[in-house]
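Trainee: Please find one structure pasted underneath; my questions will follow.
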Amino acid sequence: MTVAAETGKRRRGRAAKRHRKPEAAFDAAWRCWRNPYPPIEQFNAAEIEAIHTASMQVLADVGVRVLSEEARRIYVAAGMTDAGEQVVRFDPDLVEALVSNTPSETTLYGRGDSRNVTIGGKMVGVCTTGGTPNFSDARNGRRPGSLAALDDLCRVAQAFDVIHMIGPFVEAQDIPPNLRHLAMTRSVLTLTDKVPFVFFRGTQAVADAYEMIRIAHDLTQEAFVETPVSYSVANSNSPLQLDHLMCRGIIDAARAGQLMVLTPFTLAGAMAPVTLAGALTLQNAEALAGICLSQIVRPGAPVCYGSFTTNVDMKTGAPAFGTPEYTKAAFASGQLARRYKIPLRSSAVTTSNAPDAQAAYENQMSLWGALMGGTNLLLHGAGWLEGGLTASAEKFIIDVEQLQMFAELFKPVEVSEQTLGLEAIGDVGHGGHYFGTQHTLDRFEAAFYSPLLSDWSNYENWVERGALTATDRAHRIFCETVNAHEPPAMDASRLEELDDFIARRTAEGGANLDR
């Protein structure tokens, strides 16, 4: 049974109205984030340059093991050195030249103008969690991911304007791997109209997903290559290794003109040096190596510089998220990305196994580090739990509350003759109140952020209503939002062509995930 089944169809529409913002004007601000604050910088300019220089030395002297023969040929043809044993060594000057081709800003196009997302500069795009093997909710607990769970998460993501892009959420483990990409991509394209994610799981699977997205957007093949309508993540296999599927994905995305986010998974003390400066040196070297491959294949291909450096628990070796070290690395990664004029990707993450206080404060620490570090693309913005092993229904709603609060924080504050309120101050005078002034009555409905999840009632009223915790309320909101979902419009001919394509590829056996 899906989470949605618990609340019943009778709540359709009522929940949507309950959680609607006071004014439609809020939609624009929440759908299009501009961070007005200067980024926090972890290092001074000389220290950033030292990390850059050390990264170039790593690329030139140690090199990167590239497991894809095709990728090695591409590197060497561009002027890099084949050092043998699948290792490529990089010319620092050539690296700088290639990286200079990257666009500093990319607009991703949703299936409607209001769903377009600009990545770069001061703009921020927010997407959901993705790639988790498990799904959990308060009623049914933790279980393997399924297509039904993915569908419910898509329905909820569609409802909130602070979610701009759709992550892959959970693995639909009830669908065979060779067909899974077809089912999951169809769910995202039909249940949402936001920018979708494409996994790098072999050229056939990538090509299938791109074709499905092209059909949904009603684009010609030529227009698709010139129109970024999806995003993907390539993770280097730290330390200093690019595997076959990631190389293949980088090449495929560049040729298709789709956004690629190169993200090293550098765990300080495990797959990276234990010092933050050393871990960032390795992260930077790996990120630049992958970005170079994309720019050789197609100069100007859209990319993001991915930051995911964190530390491990040195007592157990387990990854730790939402730590001070993670936040410092996010600040520093922003400085490195800005040095190369490449948009930055960061994440909102936690190690907690439950949507509890630990999850909230670790998530807030990493979210604050990402946004105040100047990120342009926030991955895992809603739903991440258990170090990325679980997508949580309740955590999704808790995260949406935090995201909405940041969206409000980013809205400018007007200072004008009207907002200074001198007339109201004079009318109230000494010892009065402002509840009944015309100044208040004209503005009270949209004056302040109205929470989705927080309960601002007093203790007695809270107890009378059942003494529900934030997690309890989040579960209820998730279920109600699922039931209130209405699929976004898609032309019938588009849907028919999409389903015909899926039927044909299914009959052909789906994708060979090794190619």
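Read the figures in this text as sums done on the coordinates, not as results from a lab. Just so you know, these numbers come straight off a predicted model, no measurement behind them. Heads up, the Cβs are rebuilt from the backbone with ideal geometry, glycines too, and the neighbour counts pull from every protein chain shown.
Trainee: Take the Cα of Glu70, step 7 Å along the line toward its Cβ, and report every residue of the stretch 250-280 whose backbone nitrogen sits under 12 Å from that point.
Mentor: Under 12 Å, as judged by backbone N against the label point of Glu70, lie 250-256 of the stretch 250-280.
Trainee: Same structure again: Just the number, please: percent antiparallel of the DSSP beta bridges in the chain, rounded to the nearest 5.
Mentor: Values: 20 of 46 bridges.
Percentage antiparallel, nearest 5: 45.
Trainee: OK, next. Can you compute the FRET efficiency between Thr81 and Glu47 using 1/(1 + (r/R0)^6), with r the Cβ-Cβ distance and R0 = 25 Å? Round to the nearest 0.05.
Mentor: Values: r = 29 Å, r/R0 = 1.16.
Efficiency, rounded to the nearest 0.05: 0.30.
Trainee: Which three numbers, in whole Å and largest first, are the semi-axes of the equivalent ellipsoid of the chain derived from its Cα gyration tensor as √(5λ)? Walk me through the numbers on the way to the answer.
Mentor: Values: eigenvalues 300, 164, 99 Å².
That gives 39, 29, 22 Å for the three semi-axes.
Trainee: Count charges around Phe501 for me, please; just the other residues with Cβ under 13 Å from its Cβ, Lys/Arg as +1, Asp/Glu as -1.
Mentor: On the way: positive: Arg186, Arg214, Arg494, Arg504, Arg505; negative: Asp208, Glu211, Glu496, Glu497, Asp499, Asp500, Glu508.
The answer is -2.
Trainee: When the helix-only estimate is applied to the chain (DSSP H runs of n ≥ 4, each -39,500 (n - 2.57), divided by the residue count), what is the mean residue ellipticity at 222 nm, nearest 500 deg cm²/dmol?
Mentor: Numbers: 20 runs with 229 residues, N = 515.
-13500 deg cm²/dmol, from helical runs alone.
Trainee: Something else about it: What are the trypsin sites (Lys or Arg not before Pro) within the stretch 164-203 that DSSP puts in a loop, where the Cβ has at most 14 other Cβ atoms within 10 Å?
Mentor: Passing both the DSSP loop test and the Cβ count: no residue.
Trainee: With θ set to phi - 60° and the Karplus curve 6.51 cos²θ - 1.76 cosθ + 1.60, what are the ³J(HN,Hα) couplings of the stretch 460-471 in order, to the nearest whole Hz, using x for Gly and Pro?
Mentor: Coupling constants for the stretch 460-471: 4, 5, 4, 5, 4, 8, x, 6, 6, 6, 4, 5 Hz.
Trainee: A follow-up question, please. Do any GluC sites (Glu not before Pro) in the stretch 354-462 lie in a loop, going by DSSP, with at most 11 other beta-carbon atoms within 10 Å of their beta carbon, and if so which?
Mentor: Details: sites: Glu362, Glu386, Glu394, Glu401, Glu408, Glu414, Glu417, Glu423, Glu445, Glu460; in loops: Glu414.
Taking the stretch 354-462 and a limit of 11 other Cβ atoms within 10 Å, the loop GluC sites (Glu not before Pro) found are Glu414.
Trainee: Follow-up. Assign one of three labels to the stretch 100-249, namely rounded, prolate or oblate, based on the Cα gyration tensor with a ≥ b ≥ c the square roots of its eigenvalues; rounded applies when a/c is under 1.5, prolate when it is not and a/b is larger than b/c, and oblate otherwise. Spell out each step's value before the answer.
Mentor: Working: a/c = 1.44, a/b = 1.21, b/c = 1.19.
Judged from the Cα gyration tensor, the stretch 100-249 comes out rounded (a/c under 1.5).
Trainee: Also, quick follow-up: List the residues, sorted by chain then number, that are 5 or more residues from Cys304 or on another chain and whose placed amide H is less than 5 Å from its amide H.
Mentor: Met260, Val261, Leu262
Trainee: Residue by residue through the stretch 323-337, what is 3J(HN,Hα) from phi via Karplus (6.51 cos²θ - 1.76 cosθ + 1.60, θ = phi - 60°)? Round to whole Hz and write x for glycine and proline.
Mentor: These are the phi-based 3J(HN,Hα) values: 9, x, 5, 4, 5, 4, 5, 5, 4, 5, 4, x, 5, 5, 4 Hz.
Trainee: Quick one: which residues, 5 or more positions from Gly373 or on another chain, have an amide H under 5 Å from its amide H? H modelled 1.01 Å from N in the peptide plane, none for Pro or chain starts.
Mentor: The list, which skips near neighbours in sequence, is Ile40.
Trainee: Could you put Asp514, Asp356, Asp137 in order, starting from the residue whose Cβ has the fewest other Cβ atoms within 10 Å?
Mentor: Lowest to highest Cβ neighbour count: Asp514, Asp356, Asp137.
Trainee: To continue, here is another question. So the label point goes 7 Å from the Cα of Val415 along Cα→C-beta, right? Which residues of the stretch 38-65 then have their backbone N under 20 Å from it?
Mentor: Residues passing the 20 Å test: 38-39.
Trainee: Give me Ile425, Ile40, Ile291 sorted ascending by neighbouring Cβ count inside 10 Å, so fewest comes first.
Mentor: Numbers: Ile425 12, Ile40 18, Ile291 26.
With the sparsest Cβ surroundings first, the list reads Ile425, Ile40, Ile291.
Trainee: What is the Cα radius of gyration of the stretch 417-515 over 2.2 N^0.38 Å, N being its residue count? Don't skip to the answer; put the middle values down first.
Mentor: On the way: Rg = 26.7 Å, N = 99, 2.2 N^0.38 = 12.6 Å.
So the Cα radius of gyration is 2.12 times the expected 2.2 N^0.38 Å.
Trainee: Please report how far the C-alpha centroid of the stretch 291-355 lies from that of the stretch 105-139, rounded to the nearest whole angstrom.
Mentor: 16
Trainee: In addition: Once you treat every alpha carbon in the stretch 262-318 as an equal point and sum by Debye, what is log10 I(q)/I(0) at q = 0.12, 0.13 Å⁻¹?
Mentor: Values, matching the q order: -0.32, -0.37.
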